[in-house]
Each structure stands twice: as C-alpha cells, then as structure tokens.
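Take a look at the structure below.
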Amino acid sequence: MTQLLLMAWIFFKIGLFSIGGGYAMLPLINSELVGYGLMTAVEVTDIVAVSQITPGPFAINAATFAGVKTAGLPGGVVATAAVVLPSLIITTLLARYFFKFEDNIIVRRVMWGLRPVVTGLIASAAVLAALPALYGIESFSDFRWDTALSGLDIPSAVFALLSGIAIIKFKRSPVLIILAAGIAGLLLFGVFGV
Amino acid sequence: MAERRSLLRIFLTMLKIGALTFGGGYAMVPLFREEFVSKNGWISDEDMLNMIALSQSVPGAIAVNCSILIGYRLKKLRGALVALSGVVLPSLIVLTAVTYLYTAVRDNPYVAGALRGIRAAVVALLVSAFLSFMKPFYKDAVSMTAFFAAFILSVVFGINSIYIILGAMAFGVTAGIWRVRTAPPVKGGKP
C-alpha cells in the first residue's frame, strides 16, 4: 500500500512537470525513479525502446512499465492514473474557464523559454542512457575521463554510431532502428558471442 | 447526429487511435484530426488546431492532453474521462504484458544480446531527439546558455530535474515579462 502511494506521488509529479511531452518525461523518470532506486538506468533505456515498438504515448508506456515492474499490475494502473491526473485537472480547467485564451502570451513565452532547459535535460538523459550502454557504468560519478576511450565498449559504440547515421542522415524510423539493432544484437552478441 | 456523438463512440474512436499509433504523441495528433474533423465533422478544424496548440502548452503528454480536450469539447467532463480512458487503455494492456515478458526473459542470452544492441541504438535515438529539439534555438545565446546550464546541473551535479524546471520557470516568468515586447511571436514547434 505504501509502495502504491509512493508510486502515485512520484508519477503525479512526473505528469505535472513533464512539459513538452514524450521525451521530456525521461529526465524526470531518471531523477525520481532511478534516483530513489526504484529502477535502473538500463531499465529506463529499455522503456524507451519498448515504447517505440508498442502503440500509445511514451508517457503512458513508461508509467505502466515502471509501475508494473515496481508493484505489479496495481502499480501499473496507479502509475498510469497518476501520470495523467495533472493533465486531466489542468486541461479541463483550462477548457472550462480559459478556452478562449489558449494563445495567452505569457504562458506561451514561459513554455517557449522552458524548451532549451527541457532539451538540456533530454541531452542529460542521453548521457545517462549512454553510460550503461557504452561503458557499463550506472552513474556519472563512476565515469573517468582518462578511460573515456579505453573503457568504451567498441561493438556497442559501433551500434550507436550506425544507428545515429541511420536516424539523422537517412531519416529511418525509430521502430526500424530498434528492430534492426535488436536482430543484429541477437545475432552478434547472442549467437556469435562477440 | 447527436446520437452518433455518444460516449461509446468517443471511447471506441479513442481506443482505435490508442491501439494503432506507434511512436507516441506526435504520431497521434494527425489521427485525432482525421477522425474528429475530417471523418466525423464533430469538431471544426480551427478548434482542433487550437486544442493541439493548447495541448503543447500545458504539462503532460500531448496525446493525453489533446484527447482530454476533444472529449471535453464533445461531452464535458464525462467525455474527457471517456476519451482519456480510450487512449490510455491499449498502452496499459500491452505494456503490462510486455513488462511481465521483459522481466521473465531479459536474462536469456539471446534476449540479452538483442537488448545490448537496442540499448546502444536508443542512445543514438536520444541524441537525435535533443539535436532536433535544439534546431529552433541553437543560434540564440540565451537559449544555449539555458541548455548547457540545465545539462550540467543535471549530469554533473545530479540535481533533480523538477528543481531545474521550477528554477527555469521562475526565471522564465521574470525574463518573459521583461522580454515580452522585444522578442518575436512564437509558435508551437516540434516535440
């Protein structure tokens, strides 16, 4: 019960502060769930992957995944309900009282001003995903600059580089990248044991 | 017509969109438009565009916010709840199954191999995400300062993202009011 209440509180906060949708939730998941030891950085990376190849918004997928992992099915339902609750409250209030003011200049400016900050936080989420994936370490405090090259897991780095080229240069869809990386990883690391 | 706009129809339409859209919020928005504006004519295109803009300006997932607004517009609070449930339910069911499966098989050597490849690909995915979000402001010194400040506070100092966002909001309100006359008007950008 305590765990469900904690789940509800954490995901309510995540829903309330994920401004800009989707990936903007990632830094909050890192701070709240990884920070409190409810998930590992690797699991957060796995949610991103799972979310790309399953239907629905990232926020809901992430909440269900984290909730079910931590506290079973009730955890999933509570986390999902909690993550949408701020949206429900804020959006219906706005729809009811301020629907004509959706172009409110101050609100839009504040949201616009938040974009660089949210983007910086997403960049930090990319680093937090890169540490376990490319170096096998869990947090930035374990990272040493003198082993930045020698500590790199070369096959994984090649995977990341090729995926990056496929996404940025050739505009391939994330679903395709995840599936291709999964199949290549299964063959290379699973079957041939690279 | 009034019959057709029943709660059940709203629920089923949202359920369909929730079950068939891969890739999150921005993939859903065109489907909302197709179903509620083009196909059913329940909502005018102008209203829909306003709702999409508002969805981006409030906290939470864009698809979730947009579905709540559509439901509310059609059937008030009950409509909002029904629309939200429809959009959320497929994810909840699929992800519950996937999570149990993941926990059971993640240590299997073949699955572990696949996951090792996928985790590296996700790094590239996230890098490409923040690079594309950066496009509208990478030439603006103030924005880039905010970007690096948030990045360093988060990675190096491990400050909780909520405090960074709260700090940025407080700063944004002050600076926003101060800059309101000088800066050009802004539009909703990409996710």
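The values are calculated or read from the model by the stated rules, or taken from the named source; none is laboratory data. The model shown is predicted, which means the values in this text are computed figures rather than measured ones. So basically every Cβ, Gly included, is an ideal-geometry build from the backbone, and we count neighbours across all protein chains shown. Accessible surface areas use protein heavy atoms only, side chains included; no ligands, DNA or RNA. Shrake-Rupley method; radii C 1.70, N 1.55, O 1.52, S 1.80 Å.
Applying the set (1) facing another protein chain (nearest Cβ under 9 Å); (2) open to solvent by less than 10 Å² (accessible area, probe 1.4 Å) to A:Ala41 leaves exactly one unmet item: (1).
Figure legend. Inter-residue proximity from the stretch A:161-185: first residues farther than 18 Å from B:Ala27 by Cα and not assigned by TED's automatic domain parsing to the domain that holds A:Thr45, second residues assigned to a helix (DSSP H, G or I) and open to solvent by 50 Å² or more (accessible area, probe 1.4 Å), beta-carbon distance below 6 Å, spacing 6+ or different chains. Indicated pairs: A:Gly185/B:Arg116.
If the condition is being over 18 Å from A:Ile178 (Cα atoms) and buried (at least 23 other Cβ atoms within 10 Å of the Cβ), then the stretch B:87-137 contributes B:Val87, B:Val88, B:Ser91, B:Leu92, B:Phe133.
Among residues of the stretch B:70-96 that are at the interface with chain A (Cβ under 10 Å from one of its Cβ atoms), those with a Cβ under 8 angstrom from a residue that is of a type in the set (Asp, Glu) and in a helix (DSSP H, G or I), sequence gap 6+ or separate chain, pair up as B:Arg73/B:Asp47.
Taking the listed residues A:Val117, A:Val110, the one that is modelled with pLDDT under 85 and facing chain B (nearest Cβ under 7 Å) is A:Val110, with no other qualifying.
Of the residues making up the stretch B:63-86, those that are open to solvent by 10 Å² or more (accessible area, probe 1.4 Å) and not polar (S, T, N, Q) are B:Tyr72, B:Arg73, B:Leu74, B:Lys75, B:Lys76, B:Leu77, B:Arg78, B:Leu81, B:Val82, B:Leu84. Applying a threshold of 6 Å to beta carbon distances and a minimum spacing of six or more residues, or different chains, the list of pairs starting in the stretch B:117-140 at a residue that is at the interface with chain A (Cβ under 7 Å from one of its Cβ atoms) and assigned to a helix (DSSP H, G or I) and ending at one that is among the charged types (D, E, K, R) and open to solvent by 30 Å² or more (accessible area, probe 1.4 Å) is empty. Among all residues of the stretch A:122-136, there is none that is out of contact with any Cys (no Cβ under 8 Å at 6 or more places or on another chain), open to solvent by 70 Å² or more (accessible area, probe 1.4 Å) and assigned to a helix (DSSP H, G or I). Restricting the first member to the stretch A:38-50 and to residues that are in the same structural domain as A:Gly72 (by TED's automatic domain parsing), and the second to residues that are of a type in the set (Ser, Thr, Tyr) and in a helix (DSSP H, G or I), the beta-carbon pairs closer than 6 Å and six or more apart or on different chains are A:Leu38/A:Thr70. For the stretch A:16-59, the candidate set comprises residues that are over 13 Å from the mean Cα position of the chain (by Cα) and in a helix (DSSP H, G or I); within that set, the residue that is modelled with the lowest pLDDT is A:Phe17.
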